[in-house]
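Input: a single structure, listed below in structure tokens.
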Amino acid sequence: MKKTPLNQLHRDSGARMVEFGGWDMPVQYSGVINEHLAVRNAAGLFDVSHMGEIEISGAQAFDFLQYATTNDVARLVDGQVQYTALCYETGGVVDDLTLYRFSAEHYLLCVNASNTDKDFAWLQKLHQESSFSELTLVNRSDEYAQLALQGPQAETILTKLTDIDLSTLKYYHFLNGSVADMKMIISRTGYTGEDGFELYCAAADGPALWQQLLKAGTAHGLIPIGLGARDTLRLEKGYALYGHEITAEIMPLEARLAWITKLKKGPFVGREAMLEAKEAGLSRQLIPVKLAGAGVPREGYPVFCAGDEVGYVTSGTMSPSLKQGIALALVDSAVAAGDKQLEIAIRKRHVPAERTSLPFV
Amino acid sequence: MDFPEELKYTEEHEWVLVEEDVVTIGITDFAQEQLGDVVFVELPDVGDHFDTGKSFGVVESVKAVSDVYAPVSGEIVEVNEDLPDEPEVLNNSPYEDGWMVKLKLTDTAELNELMDAAAYQEFVEKD
């Protein structure tokens, strides 16, 4: 199993470790609910060093990314971040990712840990098969540690340690700066729906950065957060997770990601299949639902409408903020639109579920 | 971790308190710690009958669903009605306020199959 540079720190602190996408990662420290609420109310620190980083540079880097990704790279300026996806010709998703623009000829892609090798191979294949020759692709995943500092107290905590005026750093923008005298990328992004930062530092600096942030943040309620709360936090905001809401078999258009699928920007991989599917009418759609009765909706549970099975839960949990079952479900478009009464099958019971809107919280 | 002396235990991490022919059943301190924050509890109805090893209830944490199995055969005579509304009690008080059901034994000889506190502690620490 792969380990992040912080693995020993997690073990020493008594975190419960699990295998996640080939990585030995902390799933919880003090408890999922406690950690979840700390991020909503104060601040939390995540080790996300398992995420992959792929660098793309060269005169044709822009043209290549415009062809390889679904969002419109032309909308990015230097120092800005964009949420986007890589798709297959079929329109299914290779991975979702954040794209960082340093300059018109220099970008960094932050990709899902378990997809890093697949993504890199896919980009190399596209590169070799396309006419975009003047660019270089480098998998820099092992060179970075990445920590996420998230929550309403994140700015106050980070301000104590950085030379950057964080009030000038807008959401989905980044800067090169120092934190605790270590050089890094400071990005105002995250996966929790709270204000916060993702910090990309040298792998060797990861443990020191973790300790310095915890030390500076303890007085502000900062605690370490595991993958368990990372999942409940993202789900309360309705953010997609690869392998659940989006897969090689699910198009972004079906998964509420039309906003990162710019069909009018010109040719890109997967566009033809998406246009065809849109023309024919999408057969299914991802919808957010809240359980009206007791229970916890979970991945794979079938969804019913008037006695017919109409889809399944892609992600579900007991929302720690609402103390209510919440889920994202992929269902037939015919029932997605209206306010039809839905039910989720939980073991032998069919529990009523209300169609709702995002975010849940 | 706590292993009260007066209780009997199963390999599925249930505890049993024996009072003549009625037993009180719950999940152990080890079980609640492994599960993490309990968010949902499903209990049987009074009058339901369960054979040894059959699932009589479900405990769900944020991340996992776990069946709870009948340590001995019998009929449910009482359930902890407060538990579905306050599932976190299973974490805070697994051996007292977190009891799940009371069951009238079919065959008291089945109690001999259960572990005592020392044997269960050894089982958990070896696991």
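Values quoted throughout were computed directly from the atomic coordinates according to the rules given, and no laboratory measurement underlies them. Here the structure is a predicted model, which is why all the values come from computation and not from measurement. Cβ sites come from the backbone with ideal geometry, for glycine too, and all protein chains shown count toward neighbours.
Some values worked out for this structure:
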read-out: Extension gain (nm, one decimal) between A:ASN176 and A:ALA294, 0.36 nm per residue minus Cα-Cα; value: 37.7 nm
read-out: Among A:GLN212, A:PRO288, A:THR69 - extreme Cα towards positive end, dipole of the protein assembly as shown, charges at beta-carbon; value: A:THR69
read-out: Neighbour-count order for B:VAL62, A:VAL32, fewest beta carbons within 10 angstrom listed first; value: B:VAL62, A:VAL32
read-out: All lysines inside 23 Å of B:LYS126 as judged from Cα atoms, apart from same-chain residues fewer than 8 positions distant; value: B:LYS8
read-out: Label-point separation, A:LEU358 to B:GLU81 (7 Å along Cα→Cβ), nm; value: 4.2 nm
read-out: Share of Cα-Cα pairs in the range A:196-327 lying beyond 18 Å, as whole percent; value: 67 percent
read-out: At R0 = 41 Å, FRET efficiency that the Cβ-Cβ distance of B:GLU122 and A:GLU129 yields, to 0.05; value: 0.10
read-out: Computed [θ] at 222 nm, deg cm²/dmol, chain A (DSSP H ≥ 4; -39,500 (n - 2.57); rounded to nearest 500); value: -6500 deg cm²/dmol
read-out: Dipole moment magnitude, nearest 20 debye, chain A about Cα centre, only Lys, Arg, Asp, Glu C-beta charged; value: 1020 debye
read-out: Approximate spin-label separation A:HIS106-B:GLU20, in nm, with each point projected 7 Å along Cα-to-Cβ; value: 8.3 nm
read-out: DSSP-defined antiparallel bridges as percent of all bridges, the range A:284-361, nearest 5; value: 100 percent
read-out: Selection of GluC sites (Glu not before Pro), the range B:9-63, meeting DSSP coil and at most 10 other Cβ within 10 Å; value: B:GLU20
read-out: Dimensions in Å of the range A:284-361 - Rg and Dmax from alpha carbons; value: 10.9, 31
read-out: Inter-probe distance in nm under a simple model that places probes 7 Å from Cα toward Cβ, at A:ASP12 and B:ASN92; value: 3.4 nm
read-out: Which of A:ILE225, A:ILE164 has the fewest Cβ neighbours within 10 Å, and the rest in rising order; value: A:ILE164, A:ILE225
read-out: Range of Cα positions in the protein assembly as shown per principal axis (Å), largest first; value: 83, 55, 37
read-out: Qualifying GluC sites (Glu not before Pro) in the range A:46-124, DSSP loop, other Cβ atoms within 10 Å at most 11; value: A:GLU89
read-out: Förster radius 25 Å - calculated FRET efficiency between B:ASP67 and A:THR90 (Cβ-Cβ, nearest 0.05); value: 0.05
read-out: Links that overshoot a 30 Å alpha carbon limit, given the list A:LYS118/A:LYS348; A:LYS262/B:LYS63; B:LYS63/B:LYS102; A:LYS118/A:LYS265; A:LYS170/A:LYS215; value: A:LYS118/A:LYS348; A:LYS262/B:LYS63
read-out: Efficiency of FRET from Cβ geometry, A:ASP308 and A:ALA208, R₀ 45 Å, rounded to 0.05; value: 0.20
read-out: Residue exposure sequence - A:CYS87, A:CYS110 - by fewest surrounding Cβ within 10 Å; value: A:CYS110, A:CYS87
read-out: Candidate aspartates and glutamates - alpha carbon under 13 Å from A:LYS278, same-chain residues fewer than 8 apart omitted; value: A:GLU254
read-out: Radius, Kirkwood style, for the range B:8-117 when every pair of distinct Cα atoms is counted (Å); value: 13.6 Å
